[in-house]
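One structure is given below, encoded as structure tokens.
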Amino acid sequence: MAVNYNSPDQIARLTNYRTAQTLVLLGIFFWEILVTSPFDWSIITGKRKFRWPMIAYFISRVAVGLHLMAIAVNSQGTEVIPCDNQVWILKITDAIAIWSSSILLILRTLAVWASDRRVMIALSIGAAGLIVVYCLTWQPSVNKFNGKSCVILKSVPHRILLTEFVY
């Protein structure tokens with residue numbers, strides 16, 4: 001039997017699932033912040049030398065935190081939320097978090113491989129592909145406030161989303 005994901009019952013069920021998932025992810029995020037705060041504090045106070053890749057590290061952490069908080073605010077709505085603005089905030093914080101994390105992964109890989117030219121070319125092609133695939137997802141979506149949160153009813157084609165998640 002096919003599931004109608006646009007039916008009000010199914011939207012309500014998925015909204016409740018998403019709310020629970022968001023609260024779990026927020027808990028994991030704040031636990032990670034708590035566990036790694038001594039390292040962050042040592043950088044802020046100057047006990048540990050600041051290096052430029054740490055900029056991407058801090059940007060990534062802030063973007064992930066803002067993204068999770070935006071999802072949590074969306075799922076706890078008591079009044080009408082401007083859904084188009086909410087979705088764009090989510091897309092921007094998601095893009096910043098993914099791109100800064102990718103930069104960190106590329107830098108770590110280059111450090112391990114001692115900046116091997118072949119590895120650098122492969123990583124550059126991979127990063128360019130990630131940017132292309134991600135830019136394909138920046139299309140307007142159809143959103144609706146269902147009384148509790150914004151629900152995306154129609155977005156980019158499934159093949160593009162699948163490519164983004166697999167990439």
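Does L14 qualify as being at pLDDT 90 or above, more than 19 Å from S102 (Cβ to Cβ) and surrounded by 12 or more Cβ atoms within 10 Å (Cβ to Cβ)?
It is false that L14 is at pLDDT 90 or above, more than 19 Å from S102 (Cβ to Cβ) and surrounded by 12 or more Cβ atoms within 10 Å (Cβ to Cβ).
Working only within segment 42-71, note down all residues that are open to solvent by 60 Å² or more (accessible area, probe 1.4 Å) and either in contact with a Lys or Arg (Cβ under 8 Å, 6 or more places away or on another chain) or under 20 Å from I98 (Cα atoms) (or both).
Matches in segment 42-71: W52, I55, I59, V62, L66, M69.
Please verify whether V87 is open to solvent by 70 Å² or more (accessible area, probe 1.4 Å) and more than 30 Å from W52 (Cβ to Cβ), treating the condition exactly as stated.
Criteria not met by V87.
Just to be sure before I move on: is V112 more than 27 Å from L26 (Cα to Cα) and out of contact with any His (no Cβ under 9 Å at 6 or more places or on another chain) in the structure I sent?
Criteria met by V112.
What helices (runs of 4 or more DSSP H), lying completely within segment 48-167, carry at least 2 residues that are within 28 Å of S37 (Cβ to Cβ) and either at pLDDT 85 or above or within 14 Å of the chain's Cα centre (by Cα) (or both)?
53-75, 83-112
Name the one entry in N146, N85 that is out of contact with any His (no Cβ under 8 Å at 6 or more places or on another chain) and touching a residue at least 12 places away in the same chain (Cβ under 8 Å).
Just a single option satisfies the conditions, and that option is N146.
If you take the residues of segment 124-150 that are among the aliphatic types (A, V, I, L, M) and open to solvent by 40 Å² or more (accessible area, probe 1.4 Å), which of them is nearest to L161 (Cα to Cα)?
Per the criteria, the residue is L136.
The values are calculated or read from the model by the stated rules, or taken from the named source; none is laboratory data. Note that this is a predicted model, so its numbers are computed, not measured. Heads up, the Cβs are rebuilt from the backbone with ideal geometry, glycines too, and the neighbour counts pull from every protein chain shown. Surface areas here come from the heavy atoms of the whole protein model, side chains and all, with no ligands, DNA or RNA. Shrake-Rupley method; radii C 1.70, N 1.55, O 1.52, S 1.80 Å.
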